[in-house]
Amino acid sequence: MTDPWRNGSASDSRSEGCVFDSRRVRHFSSILNPNSNTPLSSKEKSRAALSLLKSEKNPERIIDICRAASLTPESHLDRIAFSVAISKLTESNYFEGIRLFLEELKTRPDLRNERFVSHSIVLYGQAGLLDNAVKTFEQMHELGVDRTVKSLNALLFSCVVAKKYGEVRRLLLEFPKKYGIEPDLDTYNTVIKAFCESGSSSSVYSILAEMGRKRIQPNMTSFGALIAGFYKEEKYDDVGKVLELMMKHEMHPGISIYNIRIQSLCKLKKSGEAKALLDGMLSRGMKPNSVTYCHLIHGFCKEGNLEEAKNLFETMRRRGCQPDSDCYFTLVYFLCKGEDFETALRICKGCMTKGWVPNFSTMKLLVNGLASISKVDEARELVGQIKEKFPKNADLWNEIEEGLPK
């Protein structure tokens with residue numbers, strides 16, 4: 001599904017007019033760069049803000065960090081920073097602060113456009129403040145911003161993010177007529193996603209029929225969401241019907257559809273069936289990618305079949321598919337739980353050479369596990385590497401190291 005605020009040029013509008021006076025701007029800037037008077041570039045502000053937001057817990061300070069960076073949805077890093085900030089504020093139940101902050105941003109001249117308004121609508125959904133999302137959409141003309149299908153799609157997507165799936169159906173029925181907006185493919189794909197996530201995948205057939213009447217052709221995203229939905233509901237006959245429907249639309253299942261099927265089966269703890277799909281792909285001459293293997297590795301790990309997971313890990317690397325960090329972390333964790341500490345260490349070392357380090361609890365499992373099989377030197381060496389990479393956590397690791405056998 002298309003990100004409702006992602007399209008468009010990535011021009012930097014942060015230098016344009018702002019409602020904050022210069023003293024507040026200087027105060028906010030010092031939050032991002034407390035040890036220097038050198039002004040930060042826009043990208044440096046974004047990186048500094050994102051780094052601070054990940055560890056900050058104080059709601060007021062989270063908002064001040066966002067203000068200091070003058071975040072804008074034009075920037076990919078800023079969209080991530082916005083999302084992290086809203087997630088943390090939501091966890092703190094700081095809903096009034098979220099409302100005040102997003103309303104304050106609407107006064108920034110550089111943010112009076114549909115892209116930002118669409119972004120704020122989705123952020124309201126992320127915070128579970130759907131009434132505010134709807135109100136923002138309805139008040140767009142008062143802000144001097146025209147509504148188009150992009151902002152309608154953002155509103156529907158905010159319902160999905162908030163898991164208010166019933167609202168998706170209502171808004172689709174009412175708002176296009178009320179505001180004279182014609183739904184497009186992204187609109188219908190958002191609705192399909194909502195139905196499938198809410199366990200109403202069969203309702204999508206009527207959506208496909210409506211799309212046909214409006215001559216809107218479904219795409220791989222449409223069918224992929226529907227296949228995942230039917231698997232989630234364990235309606236395997238319907239999965240077959242969707243695959244047949246794809247052929248009628250002259251769409252042949254590619255790697256993305258196979259990955260959805262494999263992931264869906266693994267979630268159902270049917271990793272053996274998922275592996276059979278991989279074998280079928282290979283026999284047809286299709287080339288799986290790293291996503292294919294990572295889904296299978298995760299599935300077999302969760303089912304306790306570590307031998308199959310290890311074999312797939314070696315196979316994927318042999319075939320030139322590079323595991324991502326999550327794949328490494330998953331395998332190291334489950335190998336530790338299965339007490340295969342030597343293999344876990346080998347894979348962990350490979351992971352760390354790429355700059356990826358599993359979380360504290362996984363590394364603690366590995367260190368203590370190595371000590372339990374009399375590999376104390378290896379455990380100490382690992383602790384040394386972790387302390388070097390994360391000096392802030394040195395005290396925690398010193399405590400663990402002191403508990404290791406002498």
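The values are calculated or read from the model by the stated rules, or taken from the named source; none is laboratory data. These figures come from a predicted structure and were not determined experimentally. Here Cβ is always computed from backbone atoms with ideal geometry, including for glycine, and neighbour counts include all displayed protein chains. When the accessible area is computed, the model is the full protein with side chains, heavy atoms only, and any ligands, DNA or RNA have been set aside. Shrake-Rupley method; radii C 1.70, N 1.55, O 1.52, S 1.80 Å.
Worth a mention:
- For the residues MET220, MET352, MET316, a GNM of the chain with alpha-carbon springs under 10 Å puts the largest fluctuation on MET352.
- Counting only residues at least eight positions apart within a chain, or on another chain, the lysines with an alpha carbon under 17 Å from that of LYS163 are LYS193, LYS232.
- Sparsely packed loop sites in the range 213-257 (the GluC sites (Glu not before Pro) outside DSSP H, G, I, E and B with at most 10 other Cβ atoms within 10 Å) comprise GLU250.
- Springs join every pair of Cα atoms under 10 Å in this Gaussian network model of the chain, and among ASP146, ASP64, ASP395 the largest mean-square fluctuation is at ASP395.
- Computed from phi, the 3J(HN,Hα) profile of the range 232-242 under the Karplus parametrisation 6.51, -1.76, 1.60 (θ = phi - 60°) reads 4, 8, 6, 9, 5, 4, 5, 4, x, 5, 5 Hz, with x in place of Gly and Pro.
- In the chain, the DSSP-assigned H stretches of four residues or longer account for a calculated mean residue ellipticity at 222 nm of -21500 deg cm²/dmol, using -39500 (n - 2.57) per stretch and the full residue count as denominator.
- Rounded to the nearest 20, the Cβ-based charge dipole of the range 255-406 about its Cα centre (Lys and Arg +1, Asp and Glu -1) stands at 660 debye.
- Cα point-scatterer Debye curve for the range 258-337, base-10 log of I(q)/I(0) at q = 0.15, 0.16 Å⁻¹: -0.44, -0.50
- The residues of the chain expose on average 50 square angstrom of accessible surface per residue, using a 1.4 Å probe on protein heavy atoms.
- Cα gyration tensor category, rounded, prolate or oblate, for the range 298-355 with a/c compared to 1.5: oblate
- Point-to-point label distance, SER200-SER30, nm (Cα→Cβ direction, 7 Å offset): 5.4 nm
- With all protein chains in place and a 1.4 Å probe, the accessible surface of the range 49-142 carries 48 percent carbon and sulfur.
- Where trypsin sites (Lys or Arg not before Pro) fall in DSSP loop in the range 40-100, at most 14 other Cβ within 10 Å: LYS57
- Within the shell defined by Cβ-Cβ distances under 11 Å, the residues around GLU273 carry a net charge of +3, with Lys and Arg each +1 and Asp and Glu each -1.
- Euclidean distance of C-alpha centroids, the range 332-406 and the range 166-222, integer Å: 49 Å
- The chain: most fluctuating residue of SER256, SER120, SER201 per GNM, C-alpha cutoff 10 Å: SER256
- Reach of LYS375 by Cα under 27 Å, taken over lysines that are not fewer than 8 positions away in the same chain: LYS302, LYS310, LYS337, LYS349, LYS354, LYS364, LYS387, LYS389, LYS392, LYS406
- The range 315-367 - percent of accessible surface contributed by carbon and sulfur, probe 1.4 Å: 46 percent
- Kirkwood Rh in Å, taken over all unlike Cα pairs in the range 164-301: 16.0 Å
- Candidates per trypsin sites (Lys or Arg not before Pro) in the range 270-300, loop by DSSP, up to 10 other Cβ within 10 Å: ARG284
- With a cut-off of 14 Å between beta carbons, the residues surrounding MET286 carry a summed charge of +3, where Lys and Arg count +1 and Asp and Glu -1.
- The label-point distance for LEU77 and GLN322, in a model that sets each label 7 Å from Cα toward Cβ, rounds to 2.1 nm.
- Cα gyration tensor shape of the chain, rounded if a/c is under 1.5, else prolate or oblate by comparing a/b with b/c: oblate
- Within-14-Å neighbourhood charge of TYR328 [Cβ basis; K, R +1; D, E -1]: +2
- Debye, to nearest 20: dipole size of the chain, +1 on Lys, Arg Cβ, -1 on Asp, Glu Cβ: 400 debye
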